[in-house]
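As structure tokens, the structure follows; a few thoughts come after it.
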Amino acid sequence: MKFEKVYYPRVWADLLDAADHILELEPRNQWRGSRDSESMLRALGPYKLTCFCERYRVMNPSPWNDLPGDMPARIYLLNKHGWPPSQVLSLTVDELLLALHEELVSLRLNPVEAEPVRTWGASCGKFSLVEPHLEPLPDSD
């Protein structure tokens, strides 16, 4: 099976919109800083989850299943913890983020994955908030 390639700028934009919508509905739930920085920080976890899943899909291709959506994260947890499939399949996205916390915190976005995050962070003057989550850009020498 052939899976569709992830278009990272669209994923990032959609996650920013979703985070901004949450803040619009519940402004008192804002953690810190400006709304732009808040949206960026809220979108970063789910974005890194998407990148984690895409990397898993590429590293573990399956001819019988293209592993859609967050299925790679669920398979990873199934293998890591030996949890029953029904338990892994019932996890919400927030629970996936919690269960994969260490993996996602240590995940550094490669230049392709990082481009939309880097661009957005620079445009709103909040790049320093996301910089630790990005691989350094290769030298242009």
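Could you give the dipole magnitude of the chain about its Cα centre, charging the beta-carbon of Lys and Arg +1 and that of Asp and Glu -1, in debye to the nearest 20?
240 debye
Once every DSSP H run of n ≥ 4 in the chain is given -39500 (n - 2.57) and the sum is divided by its residues, what mean residue ellipticity at 222 nm do you get, rounded to the nearest 500 deg cm²/dmol?
My calculation for the chain gives -19000 deg cm²/dmol from helical runs alone.
Once the mean 1/r over all distinct Cα pairs of the chain is inverted, what Kirkwood radius in angstroms do you read off?
16.2 Å
Working from Cα positions, state the angle (0 to 90°, nearest 10) between the long axis of helix 35-59 and the longest principal axis of the chain.
Around 30 degrees separate the two axes.
Out of 93, 11, 130, any idea which swings most in a Gaussian network model of the chain, alpha carbons joined below 10 Å?
Of 93, 11, 130, the most mobile in the Gaussian network model is 93.
In the chain, once you exclude exposed chymotrypsin sites (Phe, Trp or Tyr not before Pro) (DSSP loop, at most 12 other Cβ within 10 angstrom), what's the longest stretch remaining?
Answer - 65-141.
Working from Cα positions, state the angle (0 to 90°, nearest 10) between the long axis of helix 71-81 and the longest principal axis of the chain.
Rounded to the nearest ten degrees, it is 70.
If you line up the long axis of helix 8-25 against the longest principal axis of the chain, both from Cα atoms, how many degrees apart are they, to the nearest 10?
70 degrees
Compare 126, 80, 48 in a GNM of the chain, Cα atoms joined below 10 Å, and give the one with the largest fluctuation.
Among 126, 80, 48, the largest mean-square fluctuation in the Gaussian network model of the chain belongs to 80.
Since every read-out is calculated from the coordinates, none of them should be taken as a lab result. Given the structure is predicted, the values throughout are model-derived calculations rather than measurements. Neighbour counts are summed over all protein chains in view; Cβ atoms, including those assigned to glycine, are modelled from backbone coordinates with ideal geometry.
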